[in-house]
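Peer 1: Can you read through this structure? Questions will come right after.
Coordinate-derived values only; no laboratory data. This structure is a prediction, so every number in the text was calculated from the model and none was measured. Here Cβ is always computed from backbone atoms with ideal geometry, including for glycine, and neighbour counts include all displayed protein chains.
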Amino acid sequence: MKAGQSRIENVTSCYHCGDECMNTKIALADKVFCCSGCKMVYELLNQNELCAYYDLNENPGVAQKTTIREDKFEFLDDAAIIQQLISFTDGKQTQVTFYLPQMHCSSCLWLLENINRINKGVISSRVNFTKKESFLVFDNKLTTLRKVVETLTAIGYEPHISLQNLSDKSIIKTSGNRLYKLGVSGFCFANIMMMSFPEYFSLGGFLEREIGSALHYFIVALSLPVLFYCATEFFVAAWKGLRNKFLNIDFPIAVAIAITFLRSIYELASGTGSGYLDSMSGIVFFMLMGRMVQDRTYRSISFDRDFKSFFPIAIHTSRNGKFVPVIVDQVKVNDVIRIHSNELVPVDAILSKGRAEIDYSFVSGESVPVVPQVGEIVYAGGKQLGGSLEMIVVKEVSQSYLTNLWNQDVFKSEKQSTSVIHGLSQYFTAIVLLIGISAAAYWFSEGEHLLMWNALTTILIVACPCALLLSSTFTNGNILRILSKSKFYLRHPDVIEDLAKINHIVFDKTGTLTESKRMKVNYVGNEITTDQKYSIGALLAQSSHPLSKIIYEFLQAFRHEEIESFKEIPGSGIEGWINDEHIKIGSAEFVGAQHSDSLTEGSAVFVKIDEIVLGVFQVRNVYRSGFEDVLKKLGKRFRMSVLSGDNDNEAVFLKKYFGQKANLLFNRQPAEKLSFIKNLQANNNANVLMIGDGLNDAGALKQSNVGIALTEGNNNFTPASDGILDASQFGLLDCFLAFARNGRAIIMTSFILSILYNIIGLYFAVQGTLSPLIAAILMPVSSLSIILLTYGLSEFYGKKQGLQ
Amino acid sequence: MSIIILIAAVSILIAGGFLVAFLWGVKDGQFDDDFAPPNRILFDDTIKTKIKK
């Protein structure tokens with residue numbers, strides 16, 4: 001029989017965080033909590049009359065399952081560290097801004113702004129929700145930075161303080177600048193348009209001469225800020241392109257803007273016409289708007305985290321016989337450091353004291369923690385799961401294994417992306433120049449010199465590739481917006497095009513295909529009696545091996561039993577005598593069982609009681625929901641590989657879903673992952689999409705054409721990548737890729753539309769009869785119709801792909 | 001008819017006023033956060049709730 005294959009469905013959810021409660025033991029009145037951490041937050045809030053937190057939203061909290069050590073923030077008493085974190089202090093009051101990644105709803109907002117009810121020293125607290133930041137002012141007499149941080153941590157919002165904060169304090173302010181430009185150009189465009197109306201609608205010279213020329217002064221005055229302020233980025237980009245000997249799309253645009261302006265000034269000065277300044281400012285306005293829509297920034301998401309942001313700021317180091325917090329950078333070789341439970345080891349060090357149980361999943365991808373013995377080396381990036389450890393540093397942060405990984409060349413070179421738009425624009429520019437020159441040549445041969453100049457300049461004006469630019473910017477903007485609604489965030493609009501070209505997908509296993517936290521236990525074998533269950537549980541409780549712990553939790557058998565001659569053989573298993581029964585738990589070789597082929601999925605732990613092999617516990621990763629479907633769909637179109645740092649226990653299982661052709665590689669070091677991707681790109685001409693989640697994938701993510709980091713929950717930190725995908729949306733991966741391919745179709749469609757407009761314009765221009773009125777009608781009509789078309793098409797395709 | 005010139009000048013001045021207001025708003029960070037202000041205004045200043053045990 002198969003015991004306990006399905007766990008009883010428990011529908012009780014935690015009052016604080018909404019997580020499923022394993023039991024109802026942790027409760028307060030009618031409220032049940034999943035862990036004592038959640039209960040503590042509730043009690044604290046209740047004490048301070050802050051329970052409106054729970055009225056605003058249901059289960060607004062963040063799970064508090066990992067307890068935070070009391071002296072964790074001891075380093076915040078250090079004046080040098082404080083100085084680097086705060087933004088201002090006058091000795092009485094201090095201002096500081098914290099990044100609080102847990103912030104996610106209006107309850108958080110409310111609680112964080114009412115924090116002074118818990119800590120009276122906080123004078124004011126202002127939240128910027130989009131940035132997930134809180135700006136705090138506190139009174140130095142009543143509280144300290146450490147206490148403020150501890151208060152925030154106590155209510156479940158532990159500020160993210162990292163080395164990266166310390167070394168780089170600059171806050172990027174880019175979007176504001178473009179908003180100014182957009183405002184100014186919109187203002188000038190609308191007013192120039194208004195000033196031009198009288199001239200367009202005055203038939204037969206009805207408009208008086210003085211009024212007409214006075215309005216011209218206004219128009220020229222209004223066009224100057226557009227040319228010299230709003231349009232600067234096009235000129236700058238064009239110049240940069242020229243210097244790199246690259247004809248980018250900004251070049252023809254800059255030329256068109258300049259020619260339009262010069263020609264308009266000439267017309268107005270000579271009194272031969274009214275110029276095209278309204279069209280010029282309109283074009284600039286729409287193009288700026290397009291760029292703004294496209295370059296949306298996710299201010300609370302960072303795509304550029306390097307290893308430093310994962311490290312603690314300070315570590316307890318022995319100085320003169322006492323352990324004091326020392327900034328990680330200042331920890332030297334041969335220093336003795338103390339690592340506490342749930343802390344990251346920031347340096348390579350030799351274990352000297354304590355029971356280590358290091359989780360390398362983030363660094364290497366191994367799903368099961370490693371148990372190094374005293375004297376063995378522990379590498380930077382591992383996380384201690386057990387109790388406190390003492391270690392001797394062998395390599396400083398700047399020399400450690402993890403840092404070396406980061407210093408590889410891929411991280412230094414910027415990815416070169418060749419956009420289809422830049423390609424198209426080059427043909428476009430060539431064709432326009434050809435038409436212009438042939439029209440000019442024709443009129444020159446006819447002897448119409450004035451008409452020749454007229455035709456040449458108006459051709460360049462009307463055939464400005466701004467419509468092409470608008471097509472791509474608005475399409476990309478819409479796609480990014482729709483993707484972000486499905487919790488898929490891309491770093492840059494060019495990534496959409498790269499996604500469309502993908503033909504090979506590489507998956508990481510641990511944390512990507514599987515859920516990072518959960519393991520599934522499955523028992524196969526003879527029935528276990530209740531007494532045997534307690535005996536096995538008692539024996540397992542003696543072992544610190546991760547697998548023992550997982551099975552122990554699965555059995556849920558807590559009873560004290562006398563154990564005689566307990567023995568733990570590292571790498572094999574445990575044995576002992578309970579109630580005159582000899583129990584052996586461990587690998588097949590250890591208990592002397594036959595390792596049958598059907599048991600090759602996951603890690604197998606055998607149980608033998610008194611020379612009878614009872615059965616086997618299979619400990620397996622839990623795969624993400626929907627992963628079979630999405631692999632099936634992706635398999636039809638893409639080649640796929642699995643690149644895992646973990647062992648090959650799951651190989652047979654994965655083979656079923658990936659098919660025989662797929663490459664399934666296990667036990668790969670981060671550097672090997674990187675070179676595998678490099679090989680694919682070089683030998684198979686593959687455009688690789690890599691999906692990973694940990695630091696161990698960082699190199700591969702960077703090397704691949706598109707690297708996507710998967711994140712679970714809202715306070716998970718992801719390595720540098722081109723895109724960040726919420727793990728819950730993993731099943732939509734094929735839809736995202738299909739949608740990215742649709743993007744190209746949308747750009748092409750709107751581009752064809754803009755060509756049609758161009759042909760109409762050119763029809764007039766080659767004859768030298770493009771009047772400012774036609775230009776003034778054609779420009780907004782074409783721009784607006786392209787904006788509407790791209791919006792409509794991207795919404796349509798988004799729905800079709802099942803997004804939103 | 002020259003009154004039109006005056007009207008045009010005045011209209012630009014008024015529109016300029018709005019432009020300045022807009023730029024001021026951008027500078028002040030009005031467009032930085034679109035979640036907190038609309039939610040903040042809904043919070044009651046005096047909510048003091050204690051759920052009795």
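Peer 1: Suppose every Lys and Arg Cβ carries +1 and every Asp and Glu Cβ carries -1, with no other charges. What dipole size does the stretch A:29-142 come out with about its Cα centre, to the nearest 20 debye?
Peer 2: Charge dipole of the stretch A:29-142: 140 debye, to the nearest 20.
Peer 1: Which value, in Å to one decimal place, does the Kirkwood hydrodynamic radius take for the stretch A:319-403 when every pair of different Cα atoms is included? Before the final figure, lay out the partial values.
Peer 2: Working: mean 1/r = 0.0791 Å⁻¹.
Computed over the stretch A:319-403, the radius equals 12.6 Å.
Peer 1: Dipole of the stretch A:101-149, Cα-centred, from +1 at each Lys and Arg C-beta and -1 at each Asp and Glu C-beta, to the nearest 20 debye? Walk me through the numbers on the way to the answer.
Peer 2: Details: 8 positive and 3 negative charges, 29 e Å.
Charge dipole of the stretch A:101-149: 140 debye, to the nearest 20.
Peer 1: Divide by every residue of chain A the summed helix terms, -39500 (n - 2.57) for each DSSP H run of at least 4, and state the resulting mean residue ellipticity at 222 nm, rounded to the nearest 500 deg cm²/dmol.
Peer 2: -13500 deg cm²/dmol
Peer 1: Which order results if A:Thr153, A:Thr272 are arranged by neighbouring Cβ count within 10 Å, fewest first?
Peer 2: Going from sparsest to densest Cβ surroundings: A:Thr272, A:Thr153.
Peer 1: Kindly give Rg over Rh for the stretch A:179-257, based on alpha-carbon atoms, with the Kirkwood expression for the hydrodynamic radius.
Peer 2: That ratio is 1.15, to two decimals.
Peer 1: Which helices count as membrane-span-like in chain A under these terms: full DSSP H, at least 27 Å along the axis by C-alpha, Kyte-Doolittle mean of -0.5 or more?
Peer 2: A:175-201, A:250-270, A:420-445, A:466-485, A:733-766, A:772-800
Peer 1: Restricting attention to the stretch A:534-589, which GluC sites (Glu not before Pro) occupy a DSSP loop and are surrounded by at most 14 other Cβ atoms within 10 Å?
Peer 2: Passing sites in the stretch A:534-589 are A:Glu562.
Peer 1: Rg and Dmax of the stretch A:627-669, Cα atoms, in Å?
Peer 2: Spelled out, the Cα radius of gyration and Dmax of the stretch A:627-669 are 10.4, 29 Å.
Peer 1: Multiply the residue separation of A:Leu773 and A:Lys485 by 0.36 nm, subtract the distance between their alpha-carbon atoms, and state the gained length in nm to one decimal.
Peer 2: Using 0.36 nm per residue and subtracting the Cα-Cα distance, I get 99.6 nm.
Peer 1: Enter the mean number of other protein chain beta carbons within 10 Å of the beta carbon of each residue in B:29-38, as an integer.
Peer 2: Mean shielding by partner chains, rounded to a whole number: 5.
Peer 1: Can you work out D for chain A in µm² s⁻¹ from Stokes-Einstein, where Rh is the Kirkwood radius over C-alpha pairs, the temperature is 10 °C and the viscosity is 1.306 mPa s?
Peer 2: So the translational diffusion coefficient is about 51 µm²/s.
Peer 1: May I have the extent of the alpha carbons of the stretch A:648-804 along their three principal axes, as whole Å values ordered from largest to smallest?
Peer 2: Its Cα atoms span 74, 35, 31 Å along the three principal axes.
Peer 1: Give me the net charge for the shell around A:Asn679: Cβ to Cβ below 12 angstrom, other residues only, Lys and Arg +1, Asp and Glu -1.
Peer 2: Residues close to A:Asn679 contribute a combined charge of +1.
Peer 1: Taking loop as defined by DSSP and a crowding limit of 13 other beta carbons within 10 Å, which chymotrypsin sites (Phe, Trp or Tyr not before Pro) in the stretch A:663-753 fit?
Peer 2: Here no loop site has a sparse enough neighbourhood.
Peer 1: In what order do A:Leu351, A:Leu710 fall by count of nearby beta-carbon atoms within 10 Å, going from fewest to most?
Peer 2: Sorted ascending by nearby Cβ count, the order is A:Leu351, A:Leu710.
Peer 1: Taking the Cβ of A:Tyr200 as the center, what net charge do the other residues with Cβ under 15 Å away carry, scoring Lys and Arg +1 and Asp and Glu -1?
Peer 2: -3
Peer 1: Over the Cα atoms of the stretch A:113-162, what Rg and Dmax result, in angstrom?
Peer 2: Rg then Dmax for the stretch A:113-162, in Å: 10.4, 31.
Peer 1: Ok, one more. Can you sort A:Ile350, A:Ile752 so the residue with the fewest Cβ neighbours within 10 Å comes first? If you can, show how the numbers build up before the last one.
Peer 2: Values: A:Ile350 14, A:Ile752 10.
Fewest-to-most ranking of A:Ile350, A:Ile752: A:Ile752, A:Ile350.
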